[in-house]
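This report refers to the structure that appears directly beneath it.
What follows is calculated from the coordinates using simple rules that are stated; it is not laboratory data. Quantities reported herein were computed from a predicted structural model and do not represent experimental measurements. Don't worry about glycine lacking a Cβ; one is built from the backbone with ideal geometry, like all the others, and counts go over all protein chains shown.
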Amino acid sequence: MVNINTLDPSASPLDYYGFELRRFREAAGLTQKQLGDIINYTGSMVGQVETARKLPTLDFSQRADAALCTGGLLTRLHPLVMRSQLPAWFQQVAELEVRATEICTFQTQLIHGLLQSPSYVRAVLGVLDRDKLADRVAVRLARQRVFEKEEPPVFWTVLNEAALHQEIGGHEVMREQLAYLLTFEDDPWINVQILPYSAGEHPGLQGSFTVFRFVGDPSIVYTEGYGSGHTTANPDTVKDCSLRYDHLRAAALSIKDSAGLIRQVMEDRYGEQLA
């Protein structure tokens with residue numbers, strides 16, 4: 001067990017969170033159990049968060065802030081804690097998602113992480129590795145809070161039709177995932193287009209990629225390999241990928257027709273009668 005007296009708040013955002021939670025709790029004169037009773041969590045949960053052995057949820061953070069009168073500190077720390085739990089090579093990408101004013105992504109096989117439903121995330125992350133799966137699912141889903149910002153990024157995704165047919169997690173999971181995509185049909189900030197099989201050869205055959213755009217900073221291209229990712233602001237690469245993306249978006253179905261195809265696949269392939 002981690003000795004709380006030696007917990008180093010500079011070691012990581014999670015350690016800092018635990019250190020501050022303990023400091024505020026003790027200042028309030030509460031035991032772990034007493035705080036747990038107030039915020040409707042167990043004293044054990046409070047202790048595990050304080051010792052950096054358990055990830056706090058957003059709900060936990062908000063309740064603890066209210067109970068301890070922290071001025072919202074723990075809630076503000078929560079996104080940093082969750083991003084720090086992402087694979088080291090992906091943490092920079094998560095920061096780009098937060099900073100970007102526009103995100104344009106092409107996906108060949110999977111729904112983009114920012115648009116994945118909880119059960120879909122669990123199925124994807126659980127392949128051959130179920131260690132701390134609940135925490136890893138929570139960490140990925142936390143990235144989606146970027147759309148809750150006062151000024152969220154404009155998000156465009158061109159999704160290969162194959163991703164609609166690649167059965168991840170079974171019929172029920174896929175039906176839920178496709179239904180989730182349909183919730184964005186009238187959202188001006190989140191735009192989903194499907195590149196149909198009928199498009200034939202296309203500029204995205206080399207693989208998935210994402211273009212991040214910013215105000216006052218150069219655009220950045222992100223590509224991903226097995227267990228690693230690569231970002232670049234090289235002007236030639238950015239220009240090439242931007243051109244490819246424009247052609248992919250032009251070849252894809254309109255947003256309305258894309259929703260129609262998603263709905264058709266959801267009913268025909270993953271309809272309740274097939275479950």
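Relative contact order for the range 4-83: what percent, with Cα pairs under 8 Å and sequence separation of 6 or more?
29
What does the charge add up to near residue 214, with Lys and Arg as +1, Asp and Glu as -1, over the other residues with Cβ less than 10 Å from its Cβ?
Working: positive: 99, 213; negative: 102, 217.
Computed value for this residue: 0.
What residue among 128, 159, 35 shows peak mean-square fluctuation when the chain is described by a Gaussian network model with Cα springs under 10 Å?
Sorting by GNM fluctuation, first place goes to 128.
For the chain, what relative contact order do you get, as a whole percent, if you take Cα pairs closer than 8 Å and at least 6 residues apart? Intermediate values should be presented prior to the final figure.
Working: 393 pairs, mean separation 46.4, N = 275.
Across the chain, relative contact order equals 17 percent.
Determine the gain in length on full extension of the stretch residue 135-residue 197; use 0.36 nm per residue of separation and subtract their C-alpha separation, reporting nm with one decimal.
18.7 nm
Using volume of the Cα convex hull per residue in Å³ as the read-out, say which of (1) 255; (2) 129; (3) 158 was calculated from these coordinates.
Answer by label: (3).
For residue 172 and residue 214 in one chain, what is 0.36 nm times their gap in residues minus the Cα-Cα distance, to one decimal in nm?
11.4 nm
At 0.36 nm per residue, and after removing the present C-alpha to C-alpha distance, how many nm does the segment from residue 249 to residue 151 gain when stretched out fully?
Once the chain is fully extended between residue 249 and residue 151, it gains 32.9 nm.
If you build a Gaussian network model of the chain, linking Cα atoms that sit under 10 Å apart, which residue out of 168, 38, 111 swings the most?
Among 168, 38, 111, the largest mean-square fluctuation in the Gaussian network model of the chain belongs to 38.
Run down the lysines and flag those whose C-alpha is under 26 Å from the C-alpha of residue 132, throwing out any fewer than 8 positions away in its chain.
33, 54
Return the calculated 222 nm mean residue ellipticity for the chain, to the nearest 500 deg cm²/dmol, obtained by summing -39500 (n - 2.57) across DSSP H runs with n ≥ 4 and dividing by the residue count.
-14500 deg cm²/dmol
Mind telling me which of 245, 120, 180 comes out most flexible in a GNM of the chain, alpha-carbon contacts under 10 Å?
Evaluated over the chain, the most mobile residue of the options is 180.
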